[in-house]
Structure formats: structure tokens, C-alpha cells
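Beneath this line is the structure, given in C-alpha cells, with notes to follow.
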Amino acid sequence: MVFGATVELEDQEGASRVVYQIVGEDEADIAPDAYPSLPRSHALWLRRKSATSSMSQPRAGDAPTRSSRCATSERPLEEQQPLAAGALLRPFVKRAKTEGFRSRAVFKLEEIDRREKLLRQGQVCLDLGAAPGAWSQYARQRVGRAGRVIATDILEMPELPGVEFVQGDFREAQVFEALLARAPERGVDVLLSDMAPNLSGVDAIDAPRSMYLSELALELAGRVLKREGTALIKVFQGAGFEEFVRAARLQFATVKLMKPQASRSRSPEVYLLAKAFVMV
């Protein structure tokens, strides 16, 4: 999921005002050259929307002011390291564009699938938090004509050939019933969840929100997976993480944690891969 918000910051020394837009990780990565990027926290990025206002113009007799900290070229090298880490991901962004995928997130799934043989021909796959659709695109290719991909998100998602999309919050009865109506009676083979909340940049707020979505995905897996089914769920390390992993081990024969190369090294996100669902 990708969310946006706008904030306005004022430099009290220079009386300048700069407006930034906060965008989700994948939206920022899909167009990395469109604006200068500054990592803020976890998956948040700030981008400059407008130049400083007329308030920032120097007045006669004014002392020179320091450059904005957002001018990365003047920041110490150690402060610029997060930008270098982001640059390491740009080949994934470029490749996503070249291959027609909607975001670089597809390569997280591809790496895990290549290593773990997650998706196969003829499977039924449920993709949670599917927008903008890169995971659904990849899953559609892997399950083939005999398989099916059911996707859901609270956000709109442009149509994808062969993907059955249900927009809405699956916690709501109407949306949940719509998903169940599309799933086979025997259950789905694979549940994918790349869900993430609207991040605020405050760990005390973001960690519980992130964990709540992971718990929702695990709970839904218990309701829709067939016996021996598989779940791949994004989870952020922090409060409640160990308890979440323990809960998964009660429902699946095999549980492991994975960190794909296409994930930011500084991000606390990992993927919990749970195989061989045991119906309880």
C-alpha cells in the first residue's frame, strides 16, 4: 500500500518555508530521478515540492545563513550514507520499468520464490495489500493459465489481465465475503501480504500499526488457506515481533524469516515465510 501526506517546515533562522510531500517507499522508488530523495525513517521519503518562498530572500545587512540540511551535497559523508544505500536499489527500479512491473517490490517476491519454490503452475493465490500490483503481476505469471490470482487492497488498483481484484477493507464483512466467494472451497494455496501502514515516522506509532496488519494477514491465512498451504507476510521487527513469529509456528510446520536484496538494508522489514499450514 502507498500513502501520501504533505508537511510544511520553516527554517526559523533563515525565515524560509519549504513544503515536502511524504510518499510511500515504492512510489518514490519507481521514479527516483524525478526529485531529490532524503530518507526519513523506515520506508518514508520526503520530496521537495516548491522552492523557498519570498520570505527566504536575503535582506540588506542580513548575516549569511547555513544551507538547508536537505542539501545533501553539503552534508557530511556519514550523513549521506542512507542515500548511497538507496542508490544500490536503483537497478531494481530500472529493471522493474524495463520488464513492465509496477514497482521494484516484485523483486522481493521473485527472490523468495526463486529460493523457496513458493509459486507453482495451477495454484490459487490471494494477494493482500496488492496495490499498485507488482506482486499480483508476478504471481499471475507463475501460476499460469490453470491458476488464479485474487487481489485486494483498500486503494484502487488499475486492472491487471487475469487478476481478480476486490477493493475494500477485508475486515469488513462485505469485502471478506467477496473474497471468500472467489476462493475455492478447498481454500487457497498461497497467501501473500506486502501490507504496510501509513507511516508517521514515529516508531512508537508505526510499530503497532505495522504489527497489527501482519497479525491480520496471519489471522486471514488461518481462515482461507488449504491444508499444507503457504503464507508470505511482511512484518516489521520491533515490539510484538517475537510473539508474532511464535504464533505463526503454532499454525505452520515450517517458519523462516527472509530479507530480500530488494529491501532497504536500513528498513526493519523482513518477510515471514510459513509453509505447511496445519488446520486447527
For region 149-161, state whether one or more residues are on the phi > 0 side of the Ramachandran plot and either surrounded by 14 or more Cβ atoms within 10 Å (Cβ to Cβ) or not assigned by TED's automatic domain parsing to the domain that holds Lys259 (or both). no
Condition first: of a type in the set (Lys, Arg) and closer than 19 Å to Arg104 by Cα. Now tell me which residues in region 127-170 satisfy that. Arg140, Arg142
As an exercise: evaluate Lys256 against (1) within 30 Å of Pro91 (Cβ to Cβ); (2) within 14 Å of the chain's Cα centre (by Cα) and give the number of the one condition it does not meet. (2)
Quick one: which strands (runs of 3 or more DSSP E) sit completely within region 184-280 and have at least 1 residues that are touching a helix residue (DSSP H, G or I) at 6+ places or on another chain (Cβ under 7 Å) and among the small types (Gly, Ala, Ser)? 188-193, 225-236, 269-277
Return the residue satisfying two criteria in turn: it lies in region 179-200 and is over 24 Å from the mean Cα position of the chain (by Cα) and surrounded by 18 or more Cβ atoms within 10 Å (Cβ to Cβ), and of such residues it is nearest to Phe165 (Cα to Cα). Ala183
Note down all Cβ pairs under 8 Å where the first residue falls in region 260-273 and is touching a residue at least 12 places away in the same chain (Cβ under 8 Å) and β-branched (Val, Ile, Thr), the second is assigned to a strand (DSSP E or B) and crowded, with 18+ Cβ neighbours inside 10 Å, and they're at least six residues apart or on different chains. Val270/Lys234; Val270/Val235; Val270/Phe236
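The values are calculated or read from the model by the stated rules, or taken from the named source; none is laboratory data. Worth saying up front: this structure is predicted, and the values here are computed from it rather than measured. Cβ: placed from backbone, ideal geometry, glycine included. Neighbour counts: every protein chain shown.
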